[in-house]
Amino acid sequence: MTDTGPSARAAALQAILDNAPIGVWYQDPTGRLVFVNRAFCGAIGVSEDRFLSVPHYVQLLDETTAQVCIASDKAALAHDGPRSSREQLRFVDGALHDLDIVKVRVTNTDGVFWGVVGLSADVTERMRSDASMKRQVAGLRKLSEVASQPGLEPRESLRHALQAAVEHFGMEYAIIGRLAGGDTLAVEVHVSPAGALADDQTWPLAQTPCGPMLASGDVLAFPSGAPSIAAPRLVDLELGSYLGVPLHERGQIAGSLCVFSTRRPAAPFDDADIEFMRLLGRLVETTRERRAALRRLDEAHTQLAAIVDSAMDAMITHDGNQRIVLFNAAAEKMFRCRAADAIGKPLDHFLPERFRAAHRGHVEDFAQSGTTHRSMGGARVFALRSDGEEFPCEATISRVVVEGRTLLTVILRDVTERDRAEATRRALELRAQQTQKMDALGTLAGGIAHDFNNVLSAILLNAEYTLQGELPTDGRESVEGILTAGNRARDLVKRILTFSRKQAVARSPVFLKLAVEEAIGFLRATLPAGIEVVGRLDPNVGRVAADRTELHQVVVNLCTNAYQAMEEHGGHLEITLKKREPSPHSVPIPGKERAPYLQLTVKDTGIGIAPENLKKIFDPFFTTKEVGKGTGLGLAVVHGIVEK
């Protein structure tokens with residue numbers, strides 16, 4: 001199978017241009033020669049390797065010739081389209097040569113400057129034949145004009161090539177034909193008098209001069225000053241002149257390029273005419289191949305762009321200066337910024353200020369490390385949305401070098417929701433663990449309280465019975481002390497039973513503000529004067545389904561706990577009640593929908609709670625107070641009531 005890849009096509013083009021009788025070269029924007037053909041090297045007297053080894057070709061020329069070439073290059077760059085000139089240059093052999101030169105400033109379809117293509121013909125020996133020289137220069141000009149129009153559609157570009165041939169030879173017809181089957185030629189593109197020819201018109205090869213031309217695989221010219229391939233159909237077709245060359249595709253003859261007329265030319269076709277036709281044929285072949293390659297490249301680019309934009313993760317590519325050159329659709333959504341606004345900005349525009357200096361250093365180190373891929377692993381990187389919101393993300397960075405240009409691509413995944421879900425899961429697990437622990441302790445405490453209550457009932461009953469009889473004074477005081485202590489113990493048992501009780505409590509609509517005000521009134525009457533009690537209650541709060549007695553107990557227990565933290569030095573006790581909307585970051589209550597709720601806050605200026613004790617404050621019987629000053633049930637009871 002014939003190799004048709006880019007390297008094969010490049011080799012074919014190299015061979016074609018090396019066989020051209022005119023000098024052909026291509027220099028990049030810096031002036032370095034990238035391509036020279038044999039004719040150019042032979043005319044100048046410098047080898048191809050020597051030309052391509054110097055930063056600028058003028059270093060190989062004498063000073064006067066170098067200045068002429070530099071001025072010519074500048075003029076070509078400033079010129080819109082091909083620039084033709086006749087230059088007198090001194091070559092390495094020391095002799096002066098007259099050259100007809102055409103230079104074309106070449107850009108791609110996006111207008112990016114690629115370099116200069118030059119064509120040169122040594123016309124020193126042809127100065128005596130002005131007519132031939134002018135014709136050759138005109139042909140070169142037409143070829144360069146066709147070659148310098150990369151933005152045209154393929155068919156239109158080929159039509160321009162045919163028009164150049166018609167004008168150059170002064171003929172009426174020009175055709176690019178393709179082989180349709182083994183013995184038929186179909187018109188692909190044509191230039192002709194109106195109505196004379198049609199696209200896709202076909203002829204049997206045996207009835208046209210193209211048949212013997214394609215069979216030979218070489219140029220057919222009639223009339224010609226030199227012997228040419230026999231063309232018996234010329235007379236039958238009443239053609240006065242014909243010039244055709246075969247066209248190749250993937251190394252095989254695939255069609256023909258020809259010009260013809262019913263008139264005879266003023267002079268037979270000469271070598272310059274034949275060479276012009278050959279060059280035009282190669283230009284047509286190259287144009288068709290290049291257009292096909294560009295179509296494939298555009299399709300690949302479109303597919304790649306679609307893949308990048310369909311990615312779920314943000315993809316940001318930046319250059320060696322850390323300026324953004326690619327910003328996909330996921331990045332637009334993640335950073336709330338349009339790609340058009342992001343392109344050209346520094347990458348650290350999307351980083352919090354405190355991380356930018358360190359990030360620049362990390363990226364520079366990675367770019368120079370030789371490593372092509374690096375993942376941040378489980379570590380969190382913080383990024384910045386266009387509206388100023390910070391968010392956590394996971395990042396992977398990769399490096400690629402394209403035509404000497406280093407590009408780094410960062411792939412980012414926003415883990416805000418994942419972190420939020422993980423925090424919710426941990427909070428729910430802790431709540432479940434706390435509930436299980438409270439249930440176990442409640443069951444244990446309830447069992448002990450029931451047994452203790454039975455014993456305590458007997459003690460109180462006997463104490464009350466004893467007081468009814470005659471007792472000495474000191475004995476009565478002792479029994480009364482037993483009765484007082486027993487009643488205190490009974491209250492404690494009731495609190496333990498309240499904590500351990502699991503049965504449903506009868507709830508009814510309660511105005512929470514009134515219940516809290518009642519508790520505040522009770523507290524102001526019982527707390528020392530050194531404790532300032534302040535209530536900040538929203539008058540617009542509504543009712544809640546609760547047990548009024550339990551609500552009273554919640555407020556009193558919380559405030560009593562706060563008072564005990566300020567008992568020694570006094571302080572400020574603030575009770576706040578207000579309506580709140582659910583936050584998207586709040587931990588949901590199992591079995592409950594997110595809805596507006598009432599928030600009761602008790603705040604004091606006491607000594608506070610040691611960090612190591614925060615996880616244990618709702619545990620039953622846990623207290624930091626002295627022996628006899630606390631049971632460790634106040635906050636546990638509050639927790640139990642709220643949980644229910």
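Just a few scattered comments:
- Residue in region 300-307 that is in contact (Cβ under 8 Å) with a residue 24 or more places away in the chain, exposed (fewer than 15 other Cβ atoms within 10 Å of the Cβ) and of a type outside the set (Phe, Trp, Tyr) present: no
- Some residue of region 429-451 being surrounded by fewer than 11 Cβ atoms within 10 Å (Cβ to Cβ), part of a helix (DSSP H, G or I) and at pLDDT 75 or above: no
- Top-ranked residue of region 375-410 - restricted to ones that are open to solvent by 60 Å² or more (accessible area, probe 1.4 Å) and hydrophobic (A, V, I, L, M, F, W, C), ranked as modelled with the lowest pLDDT: Met376
- Restricting attention to region 276-299 and to residues that are of a type in the set (Asp, Glu) and surrounded by 17 or more Cβ atoms within 10 Å (Cβ to Cβ), the residue that is farthest from the chain's Cα centre (by Cα) turns out to be Glu285.
- Test: residue in region 628-644 that is modelled with pLDDT of 75 or more and over 20 Å from Ala427 (Cβ atoms): no
- Search result, residues across region 528-542 that are within 25 Å of Gly640 (Cα to Cα) and in contact with a helix residue (DSSP H, G or I) (Cβ under 7 Å, 6 or more places away or on another chain): Gly535, Leu537, Val541
- The single condition among (1) among the acidic types (Asp, Glu); (2) modelled with pLDDT under 80; (3) open to solvent by less than 80 Å² (accessible area, probe 1.4 Å) that Asp62 does not satisfy is (2).
- Here Ala515 fits the description: among the small types (Gly, Ala, Ser), on the phi < 0 side of the Ramachandran plot and either surrounded by 13 or more Cβ atoms within 10 Å (Cβ to Cβ) or part of a helix (DSSP H, G or I) (or both).
- If you go through region 463-478 and pick out every residue that is under 16 Å from Ala489 (Cα atoms) and surrounded by fewer than 14 Cβ atoms within 10 Å (Cβ to Cβ), you end up with 1.
- Across region 218-236, a minimum of one residue is classified as at pLDDT 80 or above and within 55 Å of the chain's Cα centre (by Cα).
- For region 544-587, filtered to residues that are surrounded by 14 or more Cβ atoms within 10 Å (Cβ to Cβ) and among the charged types (D, E, K, R), the residue that is farthest from the chain's Cα centre (by Cα) is Glu567.
- The residues of region 315-342 that are within 21 Å of Asp414 (Cβ to Cβ) and assigned to a loop (DSSP other than H, G, I, E, B), listed by number, are Asn328, Arg336, Cys337, Arg338.
- Criterion (modelled with pLDDT of 85 or more and exposed (fewer than 13 other Cβ atoms within 10 Å of the Cβ)) met by exactly one of Ala71, Ala15, Ala95: Ala71
- For Ala78, the conditions (1) closer than 30 Å to Asp298 by Cβ; (2) free of Cβ contacts under 8 Å to residues at least 24 places away in the same chain all hold with the exception of (1).
- Residue within region 590-598 that is modelled with pLDDT of 75 or more, part of a loop (DSSP other than H, G, I, E, B) and either among the polar types (S, T, N, Q) or more than 20 Å from Ala427 (Cβ to Cβ) (or both) present: yes
- Single unsatisfied condition, Gln503 versus (1) in a helix (DSSP H, G or I); (2) modelled with pLDDT under 80: (1)
- Take the conditions (1) closer than 21 Å to His552 by Cβ; (2) part of a helix (DSSP H, G or I); (3) modelled with pLDDT under 70; Arg490 misses just one of them, which is (3).
- For region 32-43, a tally of residues being under 19 Å from Asn108 (Cβ atoms) and open to solvent by less than 40 Å² (accessible area, probe 1.4 Å) returns 1.
- Residues that are touching a strand residue (DSSP E or B) at 6+ places or on another chain (Cβ under 8 Å) and surrounded by fewer than 16 Cβ atoms within 10 Å (Cβ to Cβ), drawn from region 518-543: Arg524, Gly530, Glu532, Val534, Arg536, Asp538, Asn540, Gly542, Arg543
- If you go through region 167-206 and keep only what is of a type in the set (Val, Ile, Thr) and either under 30 Å from Gly111 (Cβ atoms) or open to solvent by 50 Å² or more (accessible area, probe 1.4 Å) (or both), you end up with Ile176, Val189, Val191, Thr202.
- Of all residues in region 348-374 being assigned to a loop (DSSP other than H, G, I, E, B) and under 16 Å from Ile411 (Cβ atoms), the one that is modelled with the lowest pLDDT: Thr372
The values are calculated or read from the model by the stated rules, or taken from the named source; none is laboratory data. Just so it is clear, the structure is predicted and the values come from calculations on it, not from any experiment. Cβ coordinates were reconstructed from backbone atoms using ideal geometry, including for glycine residues, and neighbour counts include every protein chain displayed. Side chains are part of the model used for accessible areas, which takes the heavy atoms of the whole protein and leaves out ligands, DNA and RNA. Shrake-Rupley method; radii C 1.70, N 1.55, O 1.52, S 1.80 Å.
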